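Here's the structure, in C-alpha cells; my notes come after.
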Amino acid sequence: MKIEDVKLIWESELSELVTKTYGRPYSLQQQDEMMAQDTILRVRVPEGLEPWNESYDENPEGYTPLPTLARWAATETPAEHRFPSYREEMWWHRNFYPCRDEVLGDLHDKGLLPAGDYVIHCWW
C-alpha cells in the first residue's frame with residue numbers, strides 16, 4: 001500500500017476565494033449536477049490547458065461549452081434570474097460557470113495558488 005502526503009483545499013474555501021477574487025457567485029460543489037458529500041478531486045496547478053473558445057452561444061450538437069473565465073467575470077446576471085437572491089446565486093452556481101482548470105490556473109497566475117498537486121475536498 002502506498003501512502004502519500006497531499007495538499008488539501010477545502011471546496012468551500014476555494015469557492016469563497018473565487019467569489020472574492022472575481023466578484024461573481026461561485027460554488028464548485030454546485031457544478032456538473034452537484035458534487036456528493038465527501039467528493040475528492042485531484043488537480044494539478046497549473047494544468048496547462050488552453051482557454052475555452054468563445055462559442056458559448058453556439059450549440060451545434062445540443063452541448064453548450066462553458067464560458068471562458070474572462071466572459072464569466074464580465075457577465076452580469078440576466079434579468080430573469082435577479083430576484084429572489086437565491087435564484088441569482090443558483091444561476092451562477094449551476095448554470096453559468098467557467099472551467100475549473102482555467103480558474104485554478106488564473107488563481108495561480110495571480111499569485112493566489114502555488115503550483116503543485118492538490119486534492120479538493122467537498123464537504124457541505
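Just so you know, all these numbers are worked out from the coordinates, no wet-lab data involved. Owing to the predicted nature of the structure, the values given are computational and were not obtained by experimental measurement. Glycine gets a Cβ as well: all are built from the backbone with ideal geometry, and neighbour counts include every protein chain shown.
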**Report entry** Cβ crowding within 10 Å averaged over residues, with 108-118, 91-101, 6-16 ranked highest first
**Finding:** 91-101, 6-16, 108-118
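Under 14 Å from the Cβ of TYR97, count the other residues' Cβ atoms, weight Lys and Arg +1, Asp and Glu -1, and hand me the total.
Working: positive: ARG24, ARG71, ARG94, ARG100; negative: GLU11, ASP32, GLU33, GLU88, GLU89, ASP101, GLU102, ASP106.
Within the 14 Å Cβ shell, the charges total -4.
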Query raised in the report: Is it possible to state the helix-based mean residue ellipticity at 222 nm for the chain, with each DSSP H run of 4+ residues giving -39500 (n - 2.57), the sum divided by total residues, to the nearest 500 deg cm²/dmol? What is it?
Result: -7500 deg cm²/dmol
Report summary line: Projected area averaged over all directions for the convex hull of the alpha carbon atoms of the chain, nm², comes out at 9.3
Query raised in the report: Which percent, to the nearest 5, of DSSP beta bridges fully inside the chain are antiparallel?
Result: 70
Requested in this report: Using the Cα centre as the reference, give the magnitude of the dipole from point charges on the C-beta atoms of region 1-45 (Lys, Arg: +1; Asp, Glu: -1; all else neutral), rounded to the nearest 20 debye.
Outcome: 220
Query raised in the report: Which listed residue (ALA79, GLY105, TRP10) has the Cα farthest towards the positive end of the charge dipole for region 8-122, taking +1 on Lys and Arg C-beta and -1 on Asp and Glu C-beta about the Cα centre?
Result: TRP10
Report task. Could you please report the charge total around LEU28, scoring K, R as +1 and D, E as -1 over all other residues with beta-carbon less than 12 angstrom from its beta-carbon? Result -> -3
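May I ask for the net charge around GLU4, where only other residues with Cβ less than 15 Å from the Cβ of GLU4 are counted and Lys, Arg are +1 while Asp, Glu are -1?
+2
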Report summary line: With the 8 Å Cα cutoff and a minimum separation of six or more residues, the chain has a relative contact order in percent of 46
